[in-house]
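Notes follow the structure.
Throughout, read-outs are computed from the coordinates displayed, never taken from laboratory work. No experiment lies behind these values; they were computed from the predicted model shown. Counting neighbours? That spans all protein chains shown, and the Cβs are built from the backbone with ideal geometry, glycine included.
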Amino acid sequence: MNPFYFEPSTQEQPFYKIDIQYTPASYKEMLTEFKQELISLYKRKFKIIRWIVHIDFVLLVASFIRFTFDDPLFFHKNIPYYTTIIQIIGGSFIILGLFVLCFRFGLWRAVSLHGSFLKQGLIKADKINHYWFYPEGFVFDEPNQNISLYWDALHYVAVYETCVNFAFCPPKTEKGRYTAEYDEIIIPLKSINDKEFLINALKELSNDCFDFSNQRKK
């Protein structure tokens, strides 16, 4: 029995409901907007790290060319502690470069997972996605999955310029082993009538249940 399973009583009414009817075209448009926003956020948030990686790469290439095709001892003669400096540059390039690659892989997977629903033919114009929000938990009914869980089953909720993203913990974590069968949820903000009400409600619910972040520009 899943300890996070939530079953609302017949008398209990959700404090918010969302119904979305996608077509393959509108679903693809939603994914494109989400992807572009993640890329923009990545570029804005990790601008300094990306510049460091690029500069490190240029310095390493320049050092290699000089060492290989010119005077091998040029930098040793003219730069104090050259070996230590190049080790630091190389180390930061490897560490920060791997960080950038992992983040970019995460961006790709976030969109490719949902893109596969289109390829599988799960997104059809005659199907409606239902999202019900209760004080204790949520019920989401999508073509690829039906979810009914307490709020503390979530890992985080992130609000972007174009959508709200509900994500579960990695499968190998304590909570994640109970939610491994579920895919993350993307709800476009333009499909939410009173978006600020819902965002504020999610922020309040997050105090004891999950992480919350608002990635919208101030």
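Per-residue Karplus couplings for region 162-179, computed as 6.51 cos²θ - 1.76 cosθ + 1.60 with θ equal to phi - 60°, are listed in order as 10, 7, 10, 10, 10, 10, 9, 5, x, x, 8, 7, 4, 6, x, 5, 8, 10 Hz, Gly and Pro entered as x. Applying 1/(1 + (r/R0)^6) with R0 = 30 Å to the Cβ-Cβ distance of ILE49 and LYS127 gives a FRET efficiency near 0.15.
Go through LYS17/LYS119; LYS175/LYS203; LYS35/LYS195 and tell me which ones have a Cα-Cα distance over 25 Å in this structure.
From the list (LYS17/LYS119; LYS175/LYS203; LYS35/LYS195), the Cα-Cα distance tops 25 Å for LYS17/LYS119.
Given R₀ = 30 Å, FRET efficiency for GLU29-SER92 by Cβ-Cβ distance, to 0.05? Display every interim value, and only then the final one.
Numbers: r = 39 Å, r/R0 = 1.31.
E(calc), rounded to 0.05, equals 0.15.
Among CYS209, CYS102, the ranking by other beta carbons within 10 Å of each residue's beta carbon, starting with the fewest, stands as CYS102, CYS209. By the count of neighbouring beta-carbon atoms within 10 Å, fewest first, THR84, THR23 end up ordered THR84, THR23. Counting only residues at least eight positions apart within a chain, or on another chain, the aspartates and glutamates with an alpha carbon under 15 Å from that of LYS127 are ASP19, ASP141, GLU142. Listed values for region 189-194 are Karplus-derived 3J(HN,Hα) couplings in whole Hz (6.51 cos²θ - 1.76 cosθ + 1.60, θ = phi - 60°), namely 5, 5, 8, 9, 5, 10, and x replaces Gly and Pro.
Residues whose amide H lies under 5 Å from that of PHE212, counting only those 5 or more places away or on a different chain, are VAL157; hydrogens are built 1.01 Å from N in the peptide plane. Counting other Cβ atoms within 10 Å as a rough exposure proxy, the listed residues ARG50, ARG216 run ARG216, ARG50 from fewest neighbours to most.
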